[in-house]
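Data block below; observations after.
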Amino acid sequence: MANIIDGKALAKKMQQAIATEVAQLAPKYGRPPGLAVLMVGDNPASAAYVKNKETACQRVGIASFGKHFPMNTTQAELEQVIDDLNNDDRVDGILIQLPLPDHLDAIALLNRLDPDKDADGLHPNNLGRLVRGEEGLRSCTPAGVMELLAEAKIDLSGKKAVVVGRSILVGKPISLMLLEANATVTVAHSRTQDLVAVIREADILIAAIGKPEMITADMVKPDAVVIDVGINRVTDEAGKSKLVGDVDFAGISTVASHLTPVPGGVGPMTVTMLLHNTVWSYKRKFQLD
Ligand SMILES: NC(=O)c1ccc[n+]([C@@H]2O[C@H](COP(=O)([O-])OP(=O)(O)OC[C@H]3O[C@@H](n4cnc5c(N)ncnc54)[C@H](OP(=O)(O)O)[C@@H]3O)[C@@H](O)[C@H]2O)c1
C-alpha cells in the first residue's frame, strides 16, 4: 500500500511555524503582515476557498483586507481597488480569486498588481523569475506540491516526472519547479498522443487536469509517486456530493509508493503557501527598507 502524503498535517505544522514567526515580527515591525483576497461574484467554490484563506490568515495573525465585489463590478473599479492596495502600506500580499466573471480581463488585472505583492506569483515578473530559477514569489499550488515532495523525502534528481495539465496556474509552474529540482520533465495535455504510455513512464506523476478520477491504477508505473492536484465535486451512488481528485485514489494506493489524498493533500498546502508568500513579502519589505 502507498504511503499517504498528509497535506493537512504538513499544512498544520507550517502554519504553526508561520504563526510563531508573525508573533515575533509584528511587534518588531509595528504591524502584522497583511493580505487582501479579492473576489468578484458568487461562485460557491470560490467563496469557500476565500473563506478558508481568511480563516487561515486569522489563525496565524495575518491581517485580512479582503473585499467581495458584486458580479457587475467593472474592470475600471477593480483597477482602482488594485492601485489602492498596491499603495497601502499595511498590505503585503494581494490575491485575485480566479476564475473571474467573463466580462473582466483577469490577465490585465494580474499585470496591474505590484509584483512584490503578487501573493500567487502570477505576475509576468514573478513567472519570469521562476523561468530563470531566481528567488521570488511562486504560485501557491505548485509551491505546495514541492513542499509535499520534500516532506516525503522524494529524491527528484534525474527522475522521470510527468505533469498532466499545462495551465499557467498549476501545470506550467510545477513543470518548471520540477525541472529546477533536476527531474526530467514531460508536460502532457489534452492533445498528447498515447497519454497512457506517457503516464506509465512517470516515476513522479502530477495530475492537474480537472477530470474526476481520470487516471487509474493500470496507467501508473509500480512504485510511482503520485500527486493529485485535482479537485472535482461529484455525486456518489447515494446521491451525496463529495470531492474527488483527478486520480482513482483507492486503485492507485495499491500500486504507487506515495500518494496524496483529496481532500487533505494539495489543497491545504495551497492556503499555507499563500500565508508563506505574504509573510515572505512582509519580511522582504522591512529588510529592504
Ligand atoms: N488543490 C488546489 O489547491 C488546486 C489549485 C488549483 C487548481 N486545482 C484543481 O486542479 C485541477 C486543474 O486545475 P487548472 O486550473 O490547472 O485547470 P485548467 O486550467 O482547466 O487546465 C487543465 C489542464 O488539463 C489538461 N487536460 C484536460 N483534459 C485532459 C485530458 N483528457 N487529457 C490530458 N490532459 C487534459 C488541459 O489540456 P489543454 O491545455 O490541452 O486544454 C489543461 O492543460 C482542477 O481540478 C482544479 O480544481 C486545485
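The values are calculated or read from the model by the stated rules, or taken from the named source; none is laboratory data. Note that the structure is predicted; figures quoted are calculated from it, not measured. Because the Cβ atoms are built from the backbone with ideal geometry, glycine has one as well, and the counts that use them run over all protein chains shown. Side chains are part of the model used for accessible areas, which takes the heavy atoms of the whole protein and leaves out ligands, DNA and RNA. Shrake-Rupley method; radii C 1.70, N 1.55, O 1.52, S 1.80 Å.
Observations on the structure shown:
- Residues of the range 200-237 that are β-branched (Val, Ile, Thr), under 16 Å from HIS258 (Cα atoms) and more than 9 Å from the ligand (Cβ to nearest atom): ILE204, ILE206, ILE215, THR216, VAL220, VAL225, VAL226, ILE227.
- Filter pass, THR186 being part of a strand (DSSP E or B), of a type outside the set (Phe, Trp, Tyr) and open to solvent by 20 Å² or more (accessible area, probe 1.4 Å): yes
- Within the range 158-177, the set of residues being out of contact with any helix residue (DSSP H, G or I) (no Cβ under 8 Å at 6 or more places or on another chain), more than 8 Å from the ligand (Cβ to nearest atom) and of a type in the set (Gly, Ala, Ser) comprises GLY158, SER175.
- Taken as a whole, the structure places ILE174 among residues that are among the aliphatic types (A, V, I, L, M), in a helix (DSSP H, G or I) and surrounded by 21 or more Cβ atoms within 10 Å (Cβ to Cβ).
- Whenever a residue of the range 184-201 is more than 15 Å from MET214 (Cβ to Cβ), its partners that are open to solvent by 100 Å² or more (accessible area, probe 1.4 Å) and near the ligand (Cβ under 10 Å from one of its atoms), lying with C-beta atoms within less than 8 angstrom and at least six residues away or across chains, give the pairs VAL187/ARG166; VAL187/LYS172.
- Test: residue in the range 60-67 that is touching a Cys at 6+ places or on another chain (Cβ under 8 Å), under 22 Å from GLY267 (Cβ atoms) and either of a type in the set (S, T, N, Q) or modelled with pLDDT of 95 or more (or both): yes
- Filtered residue count, the range 22-42, keeping only those that are open to solvent by 60 Å² or more (accessible area, probe 1.4 Å) and either under 19 Å from the mean Cα position of the chain (by Cα) or of a type in the set (Ser, Thr, Tyr) (or both): 0
- Within the range 43-64, the set of residues being surrounded by fewer than 16 Cβ atoms within 10 Å (Cβ to Cβ) and of a type in the set (A, V, I, L, M, F, W, C) comprises ALA45, ALA47, ALA48.
- Entirely in the range 191-248, the strands (runs of 3 or more DSSP E) that have 2 or more residues that are on the phi > 0 side of the Ramachandran plot, touching a Lys or Arg at 6+ places or on another chain (Cβ under 8 Å) and open to solvent by less than 70 Å² (accessible area, probe 1.4 Å): none
- Criterion (in a helix (DSSP H, G or I), within 22 Å of VAL229 (Cα to Cα) and open to solvent by 40 Å² or more (accessible area, probe 1.4 Å)) met by exactly one of VAL131, VAL145: VAL131
- For LEU156, the conditions (1) touching a residue at least 60 places away in the same chain (Cβ under 8 Å); (2) open to solvent by 10 Å² or more (accessible area, probe 1.4 Å) are fulfilled apart from (1).
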